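Enquirer: Take this structure, written in structure tokens, and hold onto it; I'll ask about it next.
The values are calculated or read from the model by the stated rules, or taken from the named source; none is laboratory data. Computed from a predicted structure; not experimentally measured. Cβ placement follows ideal geometry from the backbone for every residue including glycine, while neighbour counts extend to all protein chains displayed.
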Amino acid sequence: SQTIHQWPATLVQPVGSPLSLECTVEGTSNPNLYWYRQAAGRGLQLLFYSVGIGQISSEVPQNLSASRPQDRQFILSSKKLLLSDSGFYLCAWSPGQYSGNTIYFGEGSWLTVV
Amino acid sequence: DAKTTQPNSMESNEEEPVHLPCNHSTISGTDYIHWYRQLPSQGPEYVIHGLTSNVNNRMASLAIAEDRKSSTLILHRATLRDAAVYYCSTGNQFYFGTGTSLTVIP
């Protein structure tokens with residue numbers, strides 16, 4: 001069966017420090033991969049999605065970036081964090097771009113920028 | 001990709017049916033309608049999806065309007081464990097709105 005894991009689960013980072021969140025998917029190949037952010041009490045905001053290795057689409061211009069160095073690995077990064085980057089970050093995957101496919105979410109990572 | 005509109009919050013009494021609406025007036029003809037729910041501090045989980053016909057599964061039912069511009073998630077008997085934020089989504093890129101926060105009153 002397919003599983004998705006992301007880490008770390010929680011982190012507290014000072015303003016201006018770098019960020020790296022990692023996500024891996026097991027049990028499938030060539031998945032679509034997604035990064036979402038959820039600010040406190042807000043909905044899900046799609047940040048990045050990827051349909052293949054090295055292929056990244058950005059939905060929201062900001063100081064975050066994403067990379068997909070391997071088929072089932074998706075990394076969210078920042079060189080300098082802002083206070084507004086605080087939130088709940090979710091990695092997700094789907095079997096492909098067919099509209100009928102379901103999306104599966106990881107456990108989430110809580111980021112607090114202080 | 002189509003965007004969705006949902007009420008911010010709804011309340012229901014325990015063991016009563018709940019109808020959660022979603023508007024997706026710009027949906028294209030091939031886009032499925034998906035519903036997910038999110039418990040506190042967890043990632044969203046799949047509830048149900050459909051294209052044109054109404055759908056039933058063990059968790060819920062999905063009623064899709066004939067013009068497909070709206071849909072309704074139906075929980076037949078709300079329980080306390082159904083208290084969550086419910087999202088509907090359409091299209092290939094899985095855009096989610098702000099969802100509906102469902103409160104279940106004992």
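Enquirer: Considering only the range A:47-74, state which residues are assigned to a strand (DSSP E or B) and either among the aromatic types (Phe, Trp, Tyr) or touching a Leu at 6+ places or on another chain (Cβ under 7 Å) (or both).
Expert: A:LEU47, A:PHE48, A:TYR49, A:SER50, A:LEU64, A:ALA66, A:ARG68, A:PHE74, listed by residue number.
Enquirer: Which condition from (1) within 14 Å of chain B (Cβ to nearest Cβ); (2) modelled with pLDDT under 95; (3) within 16 Å of A:ARG37 (Cα to Cα) is the one that A:SER84 breaks?
Expert: Exception for A:SER84: condition (1).
Enquirer: Please work out if A:SER99 is facing another protein chain (nearest Cβ under 9 Å), outside any loop (DSSP other than H, G, I, E, B) and without any contact (Cβ under 8 Å) to a residue 12 or more places away in the chain.
Expert: no
Enquirer: Here's something else I'd like to know. Can we say A:LEU90 is in a strand (DSSP E or B), at pLDDT below 95 and facing another protein chain (nearest Cβ under 10 Å)?
Expert: Taking the combined requirement at face value, the residue does not satisfy it.
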